[in-house]
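**Student:** Would you mind keeping the following structure in view while I ask a few things?
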Amino acid sequence: MTHLERALRESAPRGDADAAALAARRVAARAAEEGGADIAYAIVPSPLGALGGVCSRRGLLCLSYRVERLDELLDVLAGALSPRIVESPARLDAVARQLEEYFAGRRQRFELPIDWSLARGFARRVLRATADVPYGNATTYTEIAGRAGSPLAVRAAGNALAANPVPIVVPCHRVLRVGGGLGGYAGGLERKRFLLELEGALEG
Amino acid sequence: MQLPPFQRFLDDHREPVWRFLVALVGRQEADDCFQETFLAALRAYPRLRNGANLDAWVLTIAHRKAIDSHRARARRPIAVADADESPPADGPGNPDPELWGLVRRLPPKQRAAVALRFVADLPHVEAARVMGCSEAAARRNLHAALTNLRKEWSR
């Protein structure tokens, strides 16, 4: 290598990690605002821990308790829906605000469009039926299976609720066992109990 | 292999693209070129073939945006960007900022050849692909650039 080539290498513009990161954030923000991105995500804080929120153009797609596995979720969405995915807290603003109001006891209904793409057939009907269960009320897996059109498919209804991509907003925590047992919850029973107590649906 | 979510692609490539653009167009213009590069990449992204070479692909777009930026600047009546031709004074990073000032005054193809070689570290084959020319032409560009630089640069 000649003297000149060595000098070119040594004096090449250095990486400026901060400048590059800042520029990348502006790209993501513009992609979300100007419509280049099909899917936007952000970490949304809550008293139950950080949530991974994901929105499509149609509405809220996922609200995940498993923030540590958000990357895997985004991989799945890139393959299944669109790889045009950017991080955009602004696009999750309404979600974050309504969740904050809900946890502060100032909101009983979420007014958020939901993108049901991730649930099909019976599972989607189960989730839609669950979305109609009012604040502070509890229903049963059997009841929800019936409302979704298959009163005998109680186990399938339970599976659909366990796979609910938008917990809290689609209130699967309001679905209990016949007889009052808590049943299951993808976020863990502690969280289910917390939500039911918040809504005054559990005594004690 | 499927395409990664665009955000991951952006995060994985932001630093090399930033460096490449600063080398090509200077710090001031780099930001606009960076935005243009990745927004164009986002538009084309879902149409990319599986297994495409993302590194070379994004540099190809960046290279094109750098050329557009130079053309736009050449058309401007007053050269506003001269004040920042040299990279920011950041101590240890730049023992010889003037050398890269000289690089930015080379003809576009030579400038790109130098940046692809000494900033992006691409072999001639890849550099040729990014510049849309033959490997032989890429070598000639680099050779001509070094010859020109040697004339200007005395040390």
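Readers should treat all values here as calculations from the given coordinates under stated rules, not as data from a laboratory. Note that the structure is predicted; figures quoted are calculated from it, not measured. Cβ atoms come from the backbone with ideal geometry, glycine included; neighbour counts cover every protein chain shown.
**Student:** Residue by residue through B:114-120, how many Cβ atoms from other chains fall within 10 Å of the Cβ on average? Intermediate results must be reported in sequence, preceding the final value.
**Tutor:** On the way: counts 3, 3, 0, 4, 9, 6, 1.
Across the residues of B:114-120, the mean count of other-chain Cβ atoms within 10 Å is 4.
**Student:** Still on this model: Can you pull out the trypsin sites (Lys or Arg not before Pro) in the range A:74-127 whose DSSP state is coil and whose Cβ has at most 12 other Cβ atoms within 10 Å? Spell out each step's value before the answer.
**Tutor:** Working: sites: A:Arg84, A:Arg91, A:Arg97, A:Arg106, A:Arg107, A:Arg109, A:Arg120, A:Arg124, A:Arg125; in loops: A:Arg84, A:Arg106, A:Arg107, A:Arg109, A:Arg120.
Answer in residue order: A:Arg106, A:Arg109, A:Arg120.
**Student:** Follow-up question, since we're still on this one. Any idea how far apart A:Asp18 and B:Arg47 come out in nm if each label point goes 7 Å out from Cα toward Cβ?
**Tutor:** Between A:Asp18 and B:Arg47, the simple spin-label model gives 3.9 nm.
**Student:** Quick check: pseudo-label points 7 Å beyond the Cα along Cα→Cβ at A:Ile43 and A:Arg97, how many nm apart are they?
**Tutor:** 2.3
**Student:** Points 7 angstrom from Cα along the Cβ direction at B:Gln2 and B:Arg71: gap in nanometres?
**Tutor:** Going by the 7 Å Cα→Cβ label model, 3.7 nm.
**Student:** Obtain the radius of gyration and the Kirkwood radius of the protein assembly as shown from its C-alpha atoms and give Rg over Rh. List each step's numbers first, then the result.
**Tutor:** Numbers: Rg = 27.1 Å, Rh = 23.5 Å.
Using Cα coordinates only, the ratio equals 1.15.
**Student:** May I ask for the percentage of alpha-carbon pairs in chain A that lie more than 20 Å from each other?
**Tutor:** 62
**Student:** Sticking with this structure for a sec: Under 20 Å from a point 7 Å along the Cα-to-Cβ line of B:Asp121: which residues of the range B:39-59 have their amide N that close?
**Tutor:** Answer for this model: B:53-59.
**Student:** Rounded to whole Hz and in sequence order, give me ³J(HN,Hα) for the range A:155-164 from the Karplus expression 6.51 cos²θ - 1.76 cosθ + 1.60, θ = phi - 60°, writing x for Gly and Pro.
**Tutor:** Coupling constants for the range A:155-164: 5, 4, 5, x, 5, 4, 6, 5, 9, 3 Hz.
**Student:** A further question follows. Shielding of A:72-80 by partners, i.e. mean partner chain Cβ atoms within 10 Å per residue?
**Tutor:** Numbers: counts 0, 1, 5, 5, 2, 1, 10, 4, 1.
Other-chain Cβ atoms within 10 Å of each residue's Cβ, averaged: 3.
**Student:** Once the other residues with Cβ under 13 Å from the Cβ of A:Glu143 are scored (Lys, Arg +1; Asp, Glu -1), what is the net sum?
**Tutor:** Details: positive: A:Arg147, A:Arg174, A:Arg177; negative: A:Asp132.
After counting each charged neighbour, the total is +2.
**Student:** Something else: Counting only residues 5 or more places away or on other chains, whose amide H sits under 5 Å from the amide H of A:Thr139 once H atoms are built in the peptide plane?
**Tutor:** A:Val175, A:Leu176
**Student:** Oh, and also: Considering every residue in B:14-24, what mean count of other chain Cβ atoms within 10 Å of its Cβ is obtained?
**Tutor:** Details: counts 10, 7, 2, 3, 10, 7, 2, 3, 7, 3, 1.
Per-residue shielding by partner chains comes out at 5.
**Student:** Just to be sure I follow the definition: excluding the sites themselves, where is the longest run in chain A that has none of the GluC sites (Glu not before Pro) in a DSSP loop with at most 15 other Cβ atoms within 10 Å?
**Tutor:** A:112-202
**Student:** Do the sum for the protein assembly as shown: with -39,500 (n - 2.57) for every DSSP H run of n ≥ 4, divided by all residues, what is the mean residue ellipticity at 222 nm, to the nearest 500 deg cm²/dmol?
**Tutor:** Mean residue ellipticity at 222 nm (helix-derived): -17000 deg cm²/dmol.
**Student:** For A:Leu60, enumerate residues with amide H under 5 Å from its amide H, sequence gap 5+ or separate chain, H modeled in the peptide plane.
**Tutor:** Here A:Ile114, A:Asp115 satisfy the definition.
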